[in-house]
Structures are given as structure tokens and as C-alpha cells.
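Remarks on the structure that follows.
Where a number appears in this text, it was derived from the coordinates with a stated rule and is not lab data. Only a predicted model underlies this, so the values are computations on that prediction, with no experimental measurement involved. Note that we place each Cβ from the backbone using ideal geometry, even for glycine, and neighbour counts take in every protein chain shown.
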Amino acid sequence: MYGLNELVVKKGRHYSGFRFRPFIRCKSITVAFKFTDSCRYLGNTIQMTEQINKLVGFGEILHHRNSIRIGWRYDPINDIIKLYTYEYRNGERIINPLDEVKINQTKKIKLKSKKVYWFGCYRFPYFGGKAPAPHDMKIKLSFL
């Protein structure tokens, strides 16, 4: 269906590796992704149960100023991944529910910004807020 690449956030880490992929002029991206069984986790702190992890997105180099990403959080009660838009507009963080996806279900989403970013970079999987990955998290992802 889609040629998905496996990205891994290692136990105790936040990033899925160093990736710097700049762009010139971007207002939307389309991605296909799949959260594997390894994306299930139980939170033993408020931070773990309330933080929104990041899947993918784009924005200015200083992403806490202006960017948009797909956020995610595992819901152990329903055994699903809840998806969110996770955006910074002029430094203000704005989070809204987007969708949900089952573990091992391939999903395609077009992420659109209200503004055009003339120069910036794409963002890749990040586990956290503050708490790092409790074990290796494997996510399959492809830009379409």
C-alpha cells in the first residue's frame, strides 16, 4: 500500500534520531503512518498520561514559535491512539483533537497550516513532553 519507513524512539530518549530536512514554501504535508504494538504504554506519572507525543509536522526552524504537527497519545482503556493537531502560533501552543487510529492500522492524513511557511523544516517523531520513551517505540512513516 505505502512504502513506510520504520523510525524508532529508543528507550529513555525523546527523538527518533537526528533528522534535518529543510523546505522552501510549505503549507501542507500528506503522510501515511502506522503505530506498532510497541507504541502501547502505561503512564505511571501525570506527565506520562497527559503529555502529547509528536508524530510529524513542519514549521519554522524555531518550532516553539510557529509550527504545526500531528500529536498522539496512547489510550490504554480503549487500546487506540488518539491524534491531535499540535500547533504553535506566535509562541502560543494550540492543541485540538484530530482523529484516532488503531494500533497497526495504516492511516493517511493531510496536515494543513493556515499560513504558508516560506522557509523551515519538517519535524519527525518525538516522544514527550518531558517524560522520555519508557521502551523502544517503533513508528512506520512515509511522506506522500
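Could you list all residues from region 42-66 that are under 12 Å from the mean Cα position of the chain (by Cα) and not in a loop (DSSP other than H, G, I, E, B)?
Within region 42-66, Asn53, Lys54, Leu55, Val56, Gly57, Phe58 qualify.
Quick one: which of Arg40, Arg73, Arg93 is closer than 19 Å to Phe127 by Cα, surrounded by fewer than 15 Cβ atoms within 10 Å (Cβ to Cβ) and among the basic types (Lys, Arg)?
Arg93 is the lone residue from the list that is closer than 19 Å to Phe127 by Cα, surrounded by fewer than 15 Cβ atoms within 10 Å (Cβ to Cβ) and among the basic types (Lys, Arg).
Here is a list of conditions, (1) touching a strand residue (DSSP E or B) at 6+ places or on another chain (Cβ under 8 Å); (2) among the basic types (Lys, Arg); (3) within 22 Å of Lys10 (Cα to Cα), and Lys107 meets all of them except one; can you say which number that is?
Of the numbered conditions (1) touching a strand residue (DSSP E or B) at 6+ places or on another chain (Cβ under 8 Å); (2) among the basic types (Lys, Arg); (3) within 22 Å of Lys10 (Cα to Cα), the odd one out for Lys107 is (3).
Go through (1) more than 20 Å from Phe33 (Cα to Cα); (2) in contact with a strand residue (DSSP E or B) (Cβ under 7 Å, 6 or more places away or on another chain); (3) part of a loop (DSSP other than H, G, I, E, B) and name the single condition Tyr117 misses.
(3)
Taking region 67-110 on its own, how many of its residues are under 14 Å from the mean Cα position of the chain (by Cα), closer than 23 Å to Leu7 by Cα and without any contact (Cβ under 8 Å) to a residue 60 or more places away in the chain?
Summing the residues that are under 14 Å from the mean Cα position of the chain (by Cα), closer than 23 Å to Leu7 by Cα and without any contact (Cβ under 8 Å) to a residue 60 or more places away in the chain in region 67-110 gives 18.
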